[in-house]
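S.K.: Sharing a structure with you now.
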Amino acid sequence: MVVERQILPYVQWLLHGEDGLGALPRFGLICVGIALAAFIPLLWLSRLRFGKTRGMMYAADQAYRMIVDTFAEIFGTKFRRVWALAALAIKEAWRRRVFVALAVYLVVLLFAQWFLTTDHSEPARLYLSFVLTASTYLTLGIGLVLSAFSLPNDFKTKTIFTVVTKPVRAGEIVLGRILGFTIIGTSMLAVMALASYVFVNRSLDHVHVVESTAMENVTDSAGKFLGVDGVSERAMFHKHAIELDEDGVGWALQERGHTHNVEKIGDKYVMSSPIGFMKARVPQYGKLRFIDRNGVEKDAGISVGMEWKYRSFIDGNTQAAAIWTFEGLDPDSDADYLDVALTVRVFRTHKGVIGRPITGTIRLRNPDDGKTNDAQAFSALDQQVDERSIGRSLFDADGNPLDLFQDLVSKDGRLELIVQCLEGGQYFGFAQADCYVRQPEGDHRTNFVKVCLSIWVQMVIVIAIGVTVSTLVSGPVAMLFTAAFILLGFFRAFFVDVATGVEYGGGPVESLVRLVTQKNVMVPLDPGAGTTIVKSLDGVFKGFMWCVAQVLPDFRSLSAVRYAADGYNVPWDRVWQDLTVCGAYVAGLSILGFFLLRTREVAR
């Protein structure tokens, strides 16, 4: 699985972050920036209207009143009133028959198997990606429609007058709508999650028939009975090799991402339902460095011309190697093996035999004394996870025995894993997250709930944005604004890269010029007055885009669908981070919604 951004411990993320600025200080700076952006126009208008001295005093007085009103609103909020308004929002959503969306989702599931196939190397990835992505988009759409049209419809039908004549505050109206629509969305998401879980399990459930004629007894050189080996019948486009011990109990070897338990009962072989389709791997990542073809250590490998620079490559049949250093291992462990997983991005300069994997080697090394086991060969297919258990008993290149934990793991718990490509003209590509030590697996049901929680976080943010914007503009405008916010949120990383000049082709104006003139993004614009004007305009636009990017929710990073689809456990630190981000957006947008609603005549 691609992990471009390291998941920091929650406290470190909250206070310090990756660049020294944690989420909490960043939130405070954004709030101060928004407050200044609101105060400066007020100061300018006041100076135009009342003069320099009196205008500044008026602006300061208005800012003071706003601050006092805000704190009074916050501390005067009563949950009883908020809940009453939330109940009204729930009734409104019910009258608008929003639960029809559930019927649409269930119909989609009924016909999904027409387009999904189990003839796939990892069918669980395909099914989980489909159901969770569909749930995400449908949930966000429901939140968008509910939140954008609620308050504008109340203003249009004058029903808002019934509410504001009661002893309620403007902030409570905003919070009540957010809470009510969140309850509706949560109920629908819970039903969709349950239906999705059942759909995936029922769709992938199967049992292979095992014929007695396909099984053979296994004996040692002395003729002692050791067990039974064989192969199952084909089902769902695959079959399994089977191994049973002398007691008639065993398993089917992994195929298509799952296994089966097998037991001999009487004269028949009984195979269980599939095990392991839904996983929750818990990886322990190491620090990656490279050695080039000349044996020189470097922080990155070579580039093979791919636009996405997440991975760098080592060339085959040279000294080039990728080295991961793992920490926190126990040199006194009594385990019989070490579980590791490796994902290789294969880049071929010539095809060779189509479908044939590329050969590489794996070695373990003690970083203190340099002891290394004899290289173990493996076959690498492009972007396939190779999970292997390295036994405790190993040998060095001279045939001397080595103990994996006592000899190769250093006293402080460090271990190096070295990967090389053996075939000339071929390349292996790696990123830091492509190799890890496998910890005991988590519960896949809990992991599924965590992924649904990430969808819930995105939905709540959309509802908060929609309700806040709808306090000021009409329903269609609020929906378009919120939809634009969602779209930019999904492409926030690209948006930031353009704003900071990381992307090739310049800013918006320069990109437009290049599009019209059909000029390559790598070729600089011709020097002159026109280019100077374009660069100056882009400077203004980039500054504005950077400011907008600071308040954009990064919906792509908030989504945890890839974790479930690829079979990885969602870290709890990540869950707490997402919930904190959600709370920050709800709090900030509720306060902003209070100010916007106060500008409407009905709320005064």
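S.K.: Every residue in segment 399-410 that is part of a strand (DSSP E or B) and open to solvent by less than 70 Å² (accessible area, probe 1.4 Å), please.
M.R.: 402, 403
S.K.: In segment 464-472, is there at least one residue being free of Cβ contacts under 8 Å to residues at least 60 places away in the same chain and surrounded by 14 or more Cβ atoms within 10 Å (Cβ to Cβ)?
M.R.: Among the residues of segment 464-472, not one is free of Cβ contacts under 8 Å to residues at least 60 places away in the same chain and surrounded by 14 or more Cβ atoms within 10 Å (Cβ to Cβ), which makes the answer no.
S.K.: Which of the residues that make up segment 100-114 are open to solvent by 40 Å² or more (accessible area, probe 1.4 Å) and touching a helix residue (DSSP H, G or I) at 6+ places or on another chain (Cβ under 7 Å)?
M.R.: 106, 108, 113
S.K.: Moving to a separate point now. Tell me which residues, restricted to segment 381-440, are under 30 Å from the mean Cα position of the chain (by Cα) and without any contact (Cβ under 8 Å) to a residue 40 or more places away in the chain.
M.R.: 381, 382
S.K.: How many residues are touching a helix residue (DSSP H, G or I) at 6+ places or on another chain (Cβ under 7 Å), open to solvent by 30 Å² or more (accessible area, probe 1.4 Å) and of a type in the set (Gly, Ala, Ser) if we restrict to segment 548-577?
M.R.: The qualifying residues number 1.
S.K.: While we're looking at this one, here's another question. Which pairs do you get when a residue that is closer than 13 Å to residue 392 by Cβ, found in segment 325-340, comes within reach of a residue that is assigned to a loop (DSSP other than H, G, I, E, B) and open to solvent by 70 Å² or more (accessible area, probe 1.4 Å), reach meaning Cβ atoms under 9 angstrom, with the pair 6+ apart or on two chains?
M.R.: 331/411; 331/412
S.K.: Restricting to segment 115-136, count the residues that are in a loop (DSSP other than H, G, I, E, B) and open to solvent by less than 50 Å² (accessible area, probe 1.4 Å).
M.R.: Of the residues in segment 115-136, 3 are in a loop (DSSP other than H, G, I, E, B) and open to solvent by less than 50 Å² (accessible area, probe 1.4 Å).
S.K.: Looking at segment 254-264, is at least one residue open to solvent by 20 Å² or more (accessible area, probe 1.4 Å), more than 30 Å from residue 429 (Cβ to Cβ) and at pLDDT below 85?
M.R.: Yes, there is a match, as at least one residue in segment 254-264 is open to solvent by 20 Å² or more (accessible area, probe 1.4 Å), more than 30 Å from residue 429 (Cβ to Cβ) and at pLDDT below 85.
S.K.: Pick from 159, 182, 186: which is among the hydroxyl-bearing types (Ser, Thr, Tyr), without any contact (Cβ under 8 Å) to a residue 24 or more places away in the chain, touching a helix residue (DSSP H, G or I) at 6+ places or on another chain (Cβ under 9 Å) and open to solvent by 10 Å² or more (accessible area, probe 1.4 Å)?
M.R.: After applying the criteria, what remains is 159.
S.K.: Could you identify the single residue in 45, 36, 29 that is part of a helix (DSSP H, G or I) and either at pLDDT below 70 or hydroxyl-bearing (Ser, Thr, Tyr) (or both)?
M.R.: That would be 45, the only listed residue that is part of a helix (DSSP H, G or I) and either at pLDDT below 70 or hydroxyl-bearing (Ser, Thr, Tyr) (or both).
S.K.: From 536, 590, 557, grab the single residue that is among the polar types (S, T, N, Q) and either more than 30 Å from residue 151 (Cβ to Cβ) or in a loop (DSSP other than H, G, I, E, B) (or both).
M.R.: 536
S.K.: Right, another one. Name the pairs: first residue in segment 2-13 and over 16 Å from residue 309 (Cα atoms) and of a type in the set (Gly, Ala, Ser), second residue open to solvent by 70 Å² or more (accessible area, probe 1.4 Å) and modelled with pLDDT under 70, Cβ to Cβ under 6 Å, at least 6 apart or on different chains?
M.R.: none
S.K.: Taking the conditions exactly as written (open to solvent by 60 Å² or more (accessible area, probe 1.4 Å) and without any contact (Cβ under 8 Å) to a residue 24 or more places away in the chain), does residue 477 satisfy them or not?
M.R.: The answer is yes for residue 477.
S.K.: Please give the strands (runs of 3 or more DSSP E) falling wholly within segment 263-321 in which 1 or more residues are free of Cβ contacts under 8 Å to residues at least 60 places away in the same chain.
M.R.: 268-271, 287-291
The values are calculated or read from the model by the stated rules, or taken from the named source; none is laboratory data. Since the structure is predicted, the reported quantities are computational estimates derived from the model, not experimental observations. With ideal geometry, Cβ positions are generated from the backbone for all residues, glycine too; neighbour counts draw on all protein chains shown. We work out accessible area using only protein heavy atoms, side chains counted, and drop any ligands, DNA or RNA first. Shrake-Rupley method; radii C 1.70, N 1.55, O 1.52, S 1.80 Å.
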